[in-house]
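One structure follows; several queries about it will come next.
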Amino acid sequence: MNKISLNGFDLAYERRGSGTPLVLIHGFPLDHTIWEDVIPLLESEFDLILPDLRGFGESSTVKFPYMMTDMAQDLAALLDALGVEKASLAGHSMGGYVALAFAKQYPERVDNLALVASQAASDSPERKKGRYKTAADVTEKGVRVVVEAMIEKLTASRRVQACIRPIMERQNVSGVVGALKAMAEREDCSAFLGAFDRPVILIHGDADQLIPIDRALEIKNFAPSAFLNVLSGGGHMPMLEMPQETALALKAVP
Ligand code: MLT
(Lines give C-alpha, C1' and ligand atoms only; values in the text may rest on other atoms or scores of the structure.)
Protein backbone atom coordinates (compact mmCIF):
# COMPACT_ATOMS: atom_id res chain seq x y z
CA MET A 1 0.00 0.00 0.00
CA ASN A 2 1.04 3.59 -0.53
CA LYS A 3 1.45 5.81 2.52
CA ILE A 4 1.47 9.55 2.78
CA SER A 5 1.98 11.83 5.78
CA LEU A 6 -0.76 14.40 6.12
CA ASN A 7 -2.68 16.20 8.87
CA GLY A 8 -0.35 14.68 11.51
CA PHE A 9 -0.67 10.99 10.63
CA ASP A 10 0.17 8.45 7.91
CA LEU A 11 -2.69 7.76 5.55
CA ALA A 12 -2.54 4.49 3.60
CA TYR A 13 -4.23 4.22 0.22
CA GLU A 14 -4.40 2.11 -2.92
CA ARG A 15 -4.62 3.54 -6.41
CA ARG A 16 -5.84 1.27 -9.19
CA GLY A 17 -6.99 1.60 -12.79
CA SER A 18 -7.12 4.69 -14.98
CA GLY A 19 -9.72 7.16 -16.17
CA THR A 20 -11.95 9.54 -14.23
CA PRO A 21 -10.94 9.83 -10.57
CA LEU A 22 -13.30 7.96 -8.23
CA VAL A 23 -12.65 7.81 -4.49
CA LEU A 24 -14.12 4.70 -2.83
CA ILE A 25 -14.55 5.35 0.90
CA HIS A 26 -15.04 2.41 3.24
CA GLY A 27 -17.49 2.17 6.14
CA PHE A 28 -17.22 1.23 9.82
CA PRO A 29 -15.35 -0.71 11.21
CA LEU A 30 -13.71 -1.71 7.96
CA ASP A 31 -11.00 -0.66 5.53
CA HIS A 32 -10.44 -0.22 1.79
CA THR A 33 -10.29 -3.99 1.17
CA ILE A 34 -14.11 -4.19 1.18
CA TRP A 35 -13.98 -2.80 -2.38
CA GLU A 36 -11.81 -5.64 -3.69
CA ASP A 37 -14.63 -7.32 -5.70
CA VAL A 38 -15.72 -4.14 -7.50
CA ILE A 39 -12.20 -2.98 -8.40
CA PRO A 40 -11.87 -5.30 -11.44
CA LEU A 41 -15.29 -4.11 -12.64
CA LEU A 42 -14.38 -0.43 -12.44
CA GLU A 43 -10.65 -0.10 -13.08
CA SER A 44 -10.87 0.14 -16.87
CA GLU A 45 -12.97 3.32 -16.56
CA PHE A 46 -11.80 4.93 -13.36
CA ASP A 47 -8.68 6.12 -11.59
CA LEU A 48 -9.69 4.42 -8.33
CA ILE A 49 -8.41 5.99 -5.13
CA LEU A 50 -9.04 3.79 -2.08
CA PRO A 51 -8.04 5.32 1.26
CA ASP A 52 -7.95 3.71 4.67
CA LEU A 53 -9.58 6.42 6.78
CA ARG A 54 -7.65 7.67 9.83
CA GLY A 55 -7.47 4.95 12.47
CA PHE A 56 -8.47 2.14 10.06
CA GLY A 57 -6.61 -0.45 8.02
CA GLU A 58 -2.99 0.51 7.52
CA SER A 59 -3.49 4.20 8.28
CA SER A 60 -2.16 5.28 11.64
CA THR A 61 -4.38 6.39 14.50
CA VAL A 62 -5.00 9.99 15.49
CA LYS A 63 -5.75 11.21 19.01
CA PHE A 64 -9.50 11.78 19.25
CA PRO A 65 -11.80 13.68 19.38
CA TYR A 66 -12.11 14.38 15.70
CA MET A 67 -15.02 14.85 13.34
CA MET A 68 -16.22 13.65 9.96
CA THR A 69 -15.04 17.02 8.67
CA ASP A 70 -11.47 16.11 9.73
CA MET A 71 -11.73 12.83 7.84
CA ALA A 72 -12.97 14.79 4.82
CA GLN A 73 -9.97 17.11 5.12
CA ASP A 74 -7.72 14.04 5.07
CA LEU A 75 -9.23 13.10 1.71
CA ALA A 76 -8.76 16.62 0.38
CA ALA A 77 -5.10 16.52 1.43
CA LEU A 78 -4.72 13.10 -0.24
CA LEU A 79 -6.24 14.41 -3.49
CA ASP A 80 -3.95 17.47 -3.32
CA ALA A 81 -0.92 15.19 -2.92
CA LEU A 82 -2.05 13.08 -5.89
CA GLY A 83 -2.65 16.17 -8.03
CA VAL A 84 -6.37 15.38 -8.38
CA GLU A 85 -8.40 18.57 -8.40
CA LYS A 86 -11.86 17.04 -8.82
CA ALA A 87 -13.20 13.51 -8.26
CA SER A 88 -16.35 11.47 -7.91
CA LEU A 89 -16.89 10.10 -4.43
CA ALA A 90 -18.61 6.89 -3.42
CA GLY A 91 -18.97 6.39 0.32
CA HIS A 92 -20.19 3.25 2.02
CA SER A 93 -22.24 3.93 5.16
CA MET A 94 -19.83 5.89 7.42
CA GLY A 95 -17.83 6.52 4.24
CA GLY A 96 -20.97 8.23 2.94
CA TYR A 97 -20.94 10.54 5.98
CA VAL A 98 -17.33 11.41 5.12
CA ALA A 99 -18.25 11.93 1.46
CA LEU A 100 -21.07 14.29 2.48
CA ALA A 101 -18.73 16.22 4.79
CA PHE A 102 -16.27 16.47 1.88
CA ALA A 103 -18.93 17.67 -0.58
CA LYS A 104 -20.09 20.28 1.92
CA GLN A 105 -16.57 21.63 2.46
CA TYR A 106 -15.33 21.32 -1.12
CA PRO A 107 -18.37 21.28 -3.45
CA GLU A 108 -16.25 22.46 -6.38
CA ARG A 109 -14.07 19.36 -6.08
CA VAL A 110 -16.95 16.88 -6.47
CA ASP A 111 -18.02 15.53 -9.87
CA ASN A 112 -20.76 13.37 -8.44
CA LEU A 113 -21.59 11.71 -5.16
CA ALA A 114 -22.68 8.13 -4.52
CA LEU A 115 -24.04 7.06 -1.14
CA VAL A 116 -23.81 3.29 -0.77
CA ALA A 117 -26.01 1.99 2.08
CA SER A 118 -25.70 5.38 3.76
CA GLN A 119 -27.86 8.29 4.87
CA ALA A 120 -27.85 12.08 5.20
CA ALA A 121 -29.51 12.29 8.63
CA SER A 122 -27.56 12.65 11.86
CA ASP A 123 -28.00 10.39 14.90
CA SER A 124 -31.09 10.48 17.08
CA PRO A 125 -30.32 11.30 20.75
CA GLU A 126 -30.71 7.58 21.64
CA ARG A 127 -28.38 6.47 18.85
CA LYS A 128 -25.84 9.07 19.88
CA LYS A 129 -25.96 7.84 23.48
CA GLY A 130 -25.60 4.27 22.22
CA ARG A 131 -22.45 5.21 20.28
CA TYR A 132 -20.78 6.58 23.43
CA LYS A 133 -21.77 3.45 25.36
CA THR A 134 -20.32 1.27 22.57
CA ALA A 135 -17.15 3.40 22.57
CA ALA A 136 -16.76 2.79 26.33
CA ASP A 137 -17.36 -0.96 25.86
CA VAL A 138 -14.83 -1.15 23.01
CA THR A 139 -12.27 0.69 25.15
CA GLU A 140 -12.80 -1.85 27.92
CA LYS A 141 -13.30 -5.10 26.01
CA GLY A 142 -11.88 -4.55 22.54
CA VAL A 143 -13.13 -4.43 18.99
CA ARG A 144 -14.94 -7.79 19.25
CA VAL A 145 -17.79 -5.86 20.95
CA VAL A 146 -18.68 -4.19 17.64
CA VAL A 147 -17.90 -7.29 15.59
CA GLU A 148 -20.44 -9.38 17.51
CA ALA A 149 -23.03 -6.60 17.68
CA MET A 150 -22.85 -5.77 13.99
CA ILE A 151 -21.90 -8.74 11.88
CA GLU A 152 -25.38 -10.29 11.52
CA LYS A 153 -26.84 -6.87 10.74
CA LEU A 154 -24.22 -6.09 8.10
CA THR A 155 -25.19 -9.02 5.92
CA ALA A 156 -27.25 -12.21 6.01
CA SER A 157 -24.76 -13.86 3.65
CA ARG A 158 -22.48 -16.32 5.49
CA ARG A 159 -19.95 -15.92 2.66
CA VAL A 160 -19.78 -12.14 3.14
CA GLN A 161 -19.74 -12.49 6.94
CA ALA A 162 -16.72 -14.79 6.61
CA CYS A 163 -15.04 -12.19 4.42
CA ILE A 164 -15.67 -9.16 6.64
CA ARG A 165 -15.14 -10.73 10.08
CA PRO A 166 -11.33 -10.72 9.81
CA ILE A 167 -11.40 -7.19 8.38
CA MET A 168 -13.45 -6.01 11.37
CA GLU A 169 -11.37 -7.94 13.90
CA ARG A 170 -8.09 -6.44 12.77
CA GLN A 171 -9.21 -2.82 13.28
CA ASN A 172 -7.64 -0.77 16.03
CA VAL A 173 -9.50 0.13 19.26
CA SER A 174 -8.47 3.77 19.01
CA GLY A 175 -9.66 4.09 15.40
CA VAL A 176 -12.98 2.41 16.20
CA VAL A 177 -13.60 4.61 19.25
CA GLY A 178 -12.57 7.76 17.36
CA ALA A 179 -14.97 6.94 14.51
CA LEU A 180 -17.86 6.11 16.88
CA LYS A 181 -17.51 9.55 18.47
CA ALA A 182 -17.12 11.26 15.09
CA MET A 183 -20.30 9.54 13.82
CA ALA A 184 -22.17 10.52 16.99
CA GLU A 185 -21.25 14.17 16.50
CA ARG A 186 -21.85 14.39 12.75
CA GLU A 187 -24.09 17.03 11.27
CA ASP A 188 -27.38 16.42 9.53
CA CYS A 189 -26.58 16.86 5.82
CA SER A 190 -30.16 16.64 4.50
CA ALA A 191 -30.55 20.34 3.70
CA PHE A 192 -27.13 20.42 2.09
CA LEU A 193 -27.88 17.38 -0.05
CA GLY A 194 -31.27 18.79 -1.08
CA ALA A 195 -29.50 21.84 -2.53
CA PHE A 196 -26.44 20.04 -3.92
CA ASP A 197 -26.24 20.62 -7.67
CA ARG A 198 -24.11 17.63 -8.72
CA PRO A 199 -25.53 14.17 -9.57
CA VAL A 200 -26.31 12.08 -6.50
CA ILE A 201 -26.54 8.31 -6.75
CA LEU A 202 -28.08 6.22 -4.00
CA ILE A 203 -27.26 2.51 -3.89
CA HIS A 204 -29.23 0.70 -1.23
CA GLY A 205 -30.27 -2.88 -0.49
CA ASP A 206 -33.94 -3.26 0.39
CA ALA A 207 -32.95 -5.77 3.10
CA ASP A 208 -30.38 -3.49 4.78
CA GLN A 209 -30.80 -4.04 8.54
CA LEU A 210 -28.33 -1.40 9.63
CA ILE A 211 -29.47 1.62 7.63
CA PRO A 212 -32.95 0.78 6.33
CA ILE A 213 -33.92 1.61 2.76
CA ASP A 214 -36.33 4.22 4.21
CA ARG A 215 -33.29 6.44 4.69
CA ALA A 216 -32.63 6.41 0.94
CA LEU A 217 -36.35 7.00 0.24
CA GLU A 218 -36.24 10.01 2.60
CA ILE A 219 -33.35 11.45 0.56
CA LYS A 220 -35.50 11.08 -2.58
CA ASN A 221 -38.09 13.28 -0.83
CA PHE A 222 -35.80 16.25 -0.29
CA ALA A 223 -33.44 15.56 -3.23
CA PRO A 224 -35.85 14.31 -5.94
CA SER A 225 -33.16 14.36 -8.62
CA ALA A 226 -31.07 11.81 -6.69
CA PHE A 227 -30.98 8.57 -8.62
CA LEU A 228 -31.99 5.61 -6.44
CA ASN A 229 -30.75 2.11 -7.27
CA VAL A 230 -32.60 -0.39 -5.11
CA LEU A 231 -30.74 -3.69 -4.81
CA SER A 232 -33.37 -6.32 -4.32
CA GLY A 233 -32.52 -8.60 -1.39
CA GLY A 234 -29.32 -6.63 -0.71
CA GLY A 235 -28.09 -5.99 2.82
CA HIS A 236 -25.63 -3.42 4.16
CA MET A 237 -22.61 -4.67 2.15
CA PRO A 238 -23.65 -4.26 -1.52
CA MET A 239 -20.06 -4.13 -2.85
CA LEU A 240 -19.50 -7.66 -1.53
CA GLU A 241 -23.02 -9.06 -1.73
CA MET A 242 -23.74 -7.77 -5.26
CA PRO A 243 -20.52 -6.44 -6.81
CA GLN A 244 -21.82 -6.49 -10.41
CA GLU A 245 -24.95 -4.49 -9.57
CA THR A 246 -22.97 -2.10 -7.36
CA ALA A 247 -20.36 -1.46 -10.06
CA LEU A 248 -23.07 -0.93 -12.70
CA ALA A 249 -24.82 1.59 -10.46
CA LEU A 250 -21.55 3.44 -9.90
CA LYS A 251 -20.96 3.64 -13.65
CA ALA A 252 -24.49 4.78 -14.50
CA VAL A 253 -24.18 8.42 -13.52
CA PRO A 254 -27.27 10.20 -14.85
C1 MLT B 1 -21.18 1.76 8.87
O2 MLT B 1 -21.61 0.69 8.41
O3 MLT B 1 -20.28 2.42 8.33
C4 MLT B 1 -21.75 2.27 10.18
O5 MLT B 1 -22.26 1.20 10.90
C6 MLT B 1 -22.77 3.31 9.97
C7 MLT B 1 -23.43 3.75 11.23
O8 MLT B 1 -23.25 3.13 12.27
O9 MLT B 1 -24.14 4.77 11.19
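The values are calculated or read from the model by the stated rules, or taken from the named source; none is laboratory data. Since the structure is predicted, the reported quantities are computational estimates derived from the model, not experimental observations. No Cβ is skipped: glycine too gets one built from the backbone with ideal geometry, and neighbour counts run over all protein chains shown.
Residue by residue, here is whether (1) outside any helix (DSSP H, G or I); (2) surrounded by fewer than 16 Cβ atoms within 10 Å (Cβ to Cβ); (3) among the charged types (D, E, K, R) holds:
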site: G178; (1), (2), (3): no, no, no
site: E187; (1), (2), (3): yes, no, yes
site: L210; (1), (2), (3): yes, no, no
site: P224; (1), (2), (3): yes, yes, no
site: E245; (1), (2), (3): no, no, yes
site: L250; (1), (2), (3): no, no, no
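Restricting attention to the stretch 191-206, does a residue exist that is farther than 18 Å from G27 by Cα, of a type in the set (K, R) and outside any helix (DSSP H, G or I)?
Within the stretch 191-206 (the criterion being farther than 18 Å from G27 by Cα, of a type in the set (K, R) and outside any helix (DSSP H, G or I)), the answer is yes, since at least one residue qualifies.
Right, next: Which members of the stretch 96-125 meet the condition of being more than 12 Å from I203 (Cβ to Cβ), part of a helix (DSSP H, G or I) and of a type outside the set (A, V, I, L, M)?
Y97, F102, K104, Q105, P107, E108, R109, P125
From A81, A103, A77, A90, grab the single residue that is within 16 Å of the ligand (Cβ to nearest atom) and either within 25 Å of A252 (Cβ to Cβ) or in contact (Cβ under 8 Å) with a residue 40 or more places away in the chain (or both).
A90
Hey, another quick one. For the stretch 219-240, state whether one or more residues are within 14 Å of the ligand (Cβ to nearest atom), among the aliphatic types (A, V, I, L, M) and farther than 18 Å from L42 by Cα.
No: the stretch 219-240 contains no residue that is within 14 Å of the ligand (Cβ to nearest atom), among the aliphatic types (A, V, I, L, M) and farther than 18 Å from L42 by Cα.
What's the total number of residues in the stretch 149-166 that are away from the ligand (no atom under 12 Å from the Cβ) and either of a type in the set (S, T, Y) or under 16 Å from H26 (Cβ atoms) (or both)?
5
Ok, one more. Before we move on, is S118 surrounded by 23 or more Cβ atoms within 10 Å (Cβ to Cβ), in contact (Cβ under 8 Å) with a residue 12 or more places away in the chain, within 30 Å of A162 (Cβ to Cβ) and touching a Gly at 6+ places or on another chain (Cβ under 7 Å)?
yes
Consider D197 against the criteria (1) buried (at least 18 other Cβ atoms within 10 Å of the Cβ); (2) more than 21 Å from A247 (Cα to Cα); (3) more than 14 Å from the ligand (Cβ to nearest atom): it satisfies all of them except one. Which criterion is unmet?
(1)
Okay, moving on. Test A136 against the stated conditions and say whether it is more than 11 Å from the ligand (Cβ to nearest atom), under 17 Å from P29 (Cα atoms), more than 17 Å from the chain's Cα centre (by Cα) and assigned to a helix (DSSP H, G or I).
Judged against the criteria, A136 is a match.
Before we move on, is F192 touching a Pro at 6+ places or on another chain (Cβ under 8 Å), more than 19 Å from V62 (Cβ to Cβ), at pLDDT 95 or above and more than 14 Å from the ligand (Cβ to nearest atom)?
No, not satisfied.
Taking the stretch 106-115 on its own, how many of its residues are away from the ligand (no atom under 15 Å from the Cβ) and in contact (Cβ under 8 Å) with a residue 60 or more places away in the chain?
Total meeting the criteria: 5.
Take the residues in the stretch 26-65 that are over 20 Å from M237 (Cβ atoms) and not in a loop (DSSP other than H, G, I, E, B); name whichever of them is nearest to the ligand (Cβ to nearest atom).
Ranking the candidates gives I49 first.
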